[in-house]
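Reading through the structure tokens given below for one structure.
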Amino acid sequence: MEKSSDGTEPKEIKAYIYMKYENMLQVLARRSLKVRSIDECNDPYEFMPAGAEGKALQEIYELGFICFSSLYNSGAMWGHYGDKHKGVCLEFTFPLISSSPYKDGNGFQYHILDIPVDMKEFSFSPVRDAVTNRWLLLDMIYRKERAQFGLALAGSGSGGVCDIDKAYVTKDPAWSYEQERRIVLPLYRGKEFVSCFHKYLTGIILGIKCRKDAESVKKIVELFREDGDGPIQVYKAQYSEETFDVLVPGIDKATGNP
């Protein structure tokens, strides 16, 4: 995690989810995010350790995850997950305790969010920081070899201990364009949506080809707002005149992107 211009550690971290416009309306109405199961993913190797027993081990995981990206302006991500640029990208701003490298992750990091885990909400413990009982946002590791089974990525952080199975966070480099970050949590019937991250939704980016305008979407957002909710900004993506980038006035300036 890069330090801010004054040399201090950042106190928040951004994460983005691309989706269809109609799914965004459901997120606002439900005030929750969907937990994806392994079967719903487009990568058959999700959570699959290396070895002959890899498939059998994959099937015993009772875990799901919420997938984010560190990017909001990826044309490929908009095309693949943002309904061919007709959809939206949701911006989440999570309070951050610290970011630390995996011990043997070749520069990849995990992030301890300043969001407590309510253990009463889950049938068994989510993947969390054991010392602070806070949620973890995990950077994916991209490499050709699948990970061996075992809790092998113990981070040092600020004295915390969080053993993470490499199979949770290792994907083929072909997926690296996603720049994925994920939260791993229990998956069980009747708990396909979780509400603990909704209040950190801070922005909605409308795709280049989205037929909705920012002002009308702002009015829709207000319909679902409740007391205590923070502001949600609405942005409109634009074409670049010279590159293949997706430009988002308002966000680009804040992040320092061209």
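The values are calculated or read from the model by the stated rules, or taken from the named source; none is laboratory data. Given the structure is predicted, the values throughout are model-derived calculations rather than measurements. Because the Cβ atoms are built from the backbone with ideal geometry, glycine has one as well, and the counts that use them run over all protein chains shown. Only protein heavy atoms, including side chains, enter the accessible area calculation; ligands, DNA and RNA are left aside. Shrake-Rupley method; radii C 1.70, N 1.55, O 1.52, S 1.80 Å.
What FRET efficiency comes out for the pair Phe193/Thr243, r = Cβ-Cβ distance, R0 = 25 Å, nearest 0.05?
So, using R0 = 25 Å, E works out to roughly 0.10.
Rounded to the nearest whole Å², what accessible area per residue is found for the chain with the 1.4 Å probe?
52
Taking one equal scatterer on every alpha-carbon of the range 166-258, how large is log10 of I(q)/I(0) by Debye at q = 0.13, 0.17, 0.25 1/Å?
The Cα Debye sum returns log10 ratios of -0.72, -1.07, -1.23.
Scaled to the compact-protein estimate 2.2 N^0.38 Å, what is the alpha-carbon radius of gyration of the range 25-84, rounded to two decimal places?
After normalising by residue count via 2.2 N^0.38 Å, the value is 1.42.
With the radius of gyration and the Kirkwood radius both derived from the Cα set of the chain, what is their ratio Rg to Rh?
On the Cα set of the chain, Rg over Rh gives 0.95.
Where a Cα-Cα gap under 24 Å defines reach, which lysines qualify for Lys144, not counting those fewer than 8 residues away within the same chain?
Cα-Cα hits under 24 Å: Lys55, Lys103, Lys166, Lys171.
Magnitude of the Cβ-charge dipole of the chain, K/R +1 and D/E -1, about the Cα centre, nearest 20 debye?
Dipole size: approximately 460 debye.
What is the mean projected area of the alpha carbon convex hull for the range 201-241, to one decimal in square nanometres?
Result: a mean projected hull area of 3.2 nm².
Got a number for carbon plus sulfur as a percent of the chain's accessible area, 1.4 Å probe?
Result for the chain: 51 percent of the exposed heavy-atom area is carbon or sulfur.
If you place +1 on the Cβ of every Lys and Arg and -1 on the Cβ of every Asp and Glu, how big does the dipole about the Cα centre of the range 1-145 come out, in debye to the nearest 20?
Around 340 debye, computed over the range 1-145.
Which entries of Lys11/Lys191; Lys120/Lys218; Lys11/Lys209 show an alpha-carbon separation above 32 angstrom in the structure shown?
Correct reply: Lys120/Lys218; Lys11/Lys209.
With point charges of +1 on the Cβ of Lys and Arg and -1 on the Cβ of Asp and Glu, referenced to the Cα centre of the range 1-80, which listed residue (Ile38, Ser69, Pro49) lies farthest in the positive direction of the dipole?
The Cα lying farthest towards the positive end belongs to Ser69.
Mind checking the alpha-carbon convex hull of the range 1-113 and giving the volume per residue in Å³?
Looking at the range 1-113, the number lands at 155 Å³ per residue.
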